[in-house]
Amino acid sequence: MSKPAKIVIAGAGRIAWHLGKRLKAKGLPVAQVLSRTAAHAESLAQTLQTRWTDDWSEVLPDADWLLLAVRDDAIADVAASLAPYLPDTLVTHTSGGTPGTVLKPYFNRFGVFYPLQSFSFERSPVWSKIPFCVDAQQEEDVLFLKRIAKTIGNLVYRVNDEQRATLHVAAVFANNFANHCFAIAEKLLAGKDLPFELLHPLMEETLAKVLQESPARMQTGPAIRGDAETIRRHLDLLNDHARWKELYEKLSASINPDMEI
Ligand SMILES: NC(=O)c1ccc[n+]([C@@H]2O[C@H](COP(=O)([O-])OP(=O)(O)OC[C@H]3O[C@@H](n4cnc5c(N)ncnc54)[C@H](OP(=O)(O)O)[C@@H]3O)[C@@H](O)[C@H]2O)c1
């Protein structure tokens with residue numbers, strides 16, 4: 001990068017912490033942390049050895065890039081609060097489920113910097129394996145975001161709002177819904193004094209297979225085979241769990257729409 005960009009992060013949650021630390025580690029120090037809760041802003045700023053504020057009007061007016069790392073539903077409000085102070089700054093949010101255009105009413109230069117991974121405080125991200133999905137209105141801003149993403153990670157994609165909306169739904173199926181199914185499995189086993197670890201090898205094999213082949217081709221189980229009698233027995237076993245029973249029926253019908261249950 002020709003001259004170091006002046007980077008400001010708004011928000012002090014999971015994404016702000018992980019991105020802030022990674023940017024610093026890669027020689028892209030954050031110049032300021034803004035957050036509505038002073039203690040959170042201060043704590044992250046201390047870690048990043050930078051300044052902080054909980055007053056939006058104190059945002060550095062010469063910031064090159066503002067990374068909005070706040071809750072999805074707060075993006076527009078925070079953007080509206082910061083807009084008067086940042087007429088020339090590139091502003092991006094980090095949300096997969098929010099269009100970049102929510103920033104359009106507030107900023108001339110706006111975009112999205114979405115790291116497609118599940119971040120938590122307890123785990124260190126494997127940056128080389130995180131796809132960064134970036135987009136911006138102006139081509140030079142896209143190049144800037146791609147360069148940043150390439151510096152802190154390895155996998156960089158330009159993904160527009162329409163594509164990212166679908167990507168986010170797909171991620172909910174692949175991550176959140178799959179995880180919920182794991183949670184149901186864990187509870188069912190606990191009800192019969194069986195350890196969840198019993199399923200670990202099966203879960204590992206499932207993931208290994210779908211990373212190698214199309215999941216549609218790798219589908220196994222009673223629904224794809226059309227084993228209606230087995231399915232009826234499973235449904236009987238789920239009589240005390242109406243929601244899980246309904247989920248089982250719906251997933252089975254989605255796997256094999258031709259089968260009569
Ligand atoms: N975590 C992930 O796995 C992940 C992955 C990809 C993208 N993202 C995106 O990254 C963004 C931040 O997510 P996160 O996981 O970092 O969330 P988080 O850990 O819950 O932190 C949310 C941040 O938003 C701030 N905030 C909430 N409501 C606000 C409001 N009304 N006004 C101002 N600030 C507000 C919070 O401030 P306080 O500290 O004062 O509460 C906190 O700093 C979201 O857009 C999310 O979709 C998250």
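The values are calculated or read from the model by the stated rules, or taken from the named source; none is laboratory data. Just so it is clear, the model here is predicted, and its values are computed rather than measured. Quick reminder, even Gly has a Cβ in these numbers, built from the backbone with ideal geometry, and neighbours come from all protein chains shown.
Some notes on this structure:
- Residue list for segment 121-138, restricted to those being under 14 Å from ASP161 (Cα atoms), over 14 Å from the mean Cα position of the chain (by Cα) and outside any loop (DSSP other than H, G, I, E, B): ASP135, ALA136
- Scan of segment 21-34 for residues that are in contact with a strand residue (DSSP E or B) (Cβ under 7 Å, 6 or more places away or on another chain) and not hydrophobic (A, V, I, L, M, F, W, C), ordered by number: LYS24, GLN32
- Of the residues making up segment 12-33, those that are small (Gly, Ala, Ser), assigned to a loop (DSSP other than H, G, I, E, B) and farther than 12 Å from THR151 by Cβ number 2.
- Filter result for THR101 (closer than 24 Å to ASP135 by Cβ, in the same structural domain as ILE130 (by TED's automatic domain parsing) and of a type outside the set (Phe, Trp, Tyr)): yes
- Summed over segment 206-245, residues that are under 22 Å from LYS187 (Cα atoms) and within 28 Å of the chain's Cα centre (by Cα) total 4.
- Looking across segment 16-30 at every residue that is among the aliphatic types (A, V, I, L, M) and crowded, with 22+ Cβ neighbours inside 10 Å, the one that is nearest to the ligand (Cβ to nearest atom) is identified as ALA16.
- Residue-level check: of (1) part of a helix (DSSP H, G or I); (2) within 23 Å of VAL169 (Cα to Cα), THR98 misses just (1).
- Enumeration of residues in segment 66-84 that are assigned to a helix (DSSP H, G or I) and either more than 11 Å from ALA10 (Cβ to Cβ) or within 10 Å of the ligand (Cβ to nearest atom) (or both): ASP72, ASP73, ALA74, ILE75, ALA76, ASP77, VAL78, ALA80, SER81, ALA83, PRO84
- With respect to the conditions (1) in a loop (DSSP other than H, G, I, E, B); (2) more than 8 Å from the ligand (Cβ to nearest atom); (3) touching a strand residue (DSSP E or B) at 6+ places or on another chain (Cβ under 7 Å), PRO87 falls short on a single one, namely (3).
- Inter-residue pairs, beta-carbon under 9 Å, first within 16 Å of ASP227 (Cβ to Cβ) and in segment 240-261, second among the basic types (Lys, Arg), 6+ apart: ASN256/ARG225; ILE261/ARG232
- In this structure, ALA63 does satisfy being buried (at least 19 other Cβ atoms within 10 Å of the Cβ), small (Gly, Ala, Ser) and more than 14 Å from the ligand (Cβ to nearest atom).
- Members of segment 211-229 that are assigned to a helix (DSSP H, G or I) and within 18 Å of ASN256 (Cβ to Cβ): PRO215, ALA216, ARG217, MET218, PRO222, ALA223, ILE224, ARG225, ALA228, GLU229
- Within segment 64-83, the set of residues being touching a strand residue (DSSP E or B) at 6+ places or on another chain (Cβ under 8 Å) and of a type in the set (Gly, Ala, Ser) comprises ALA69, ALA79.
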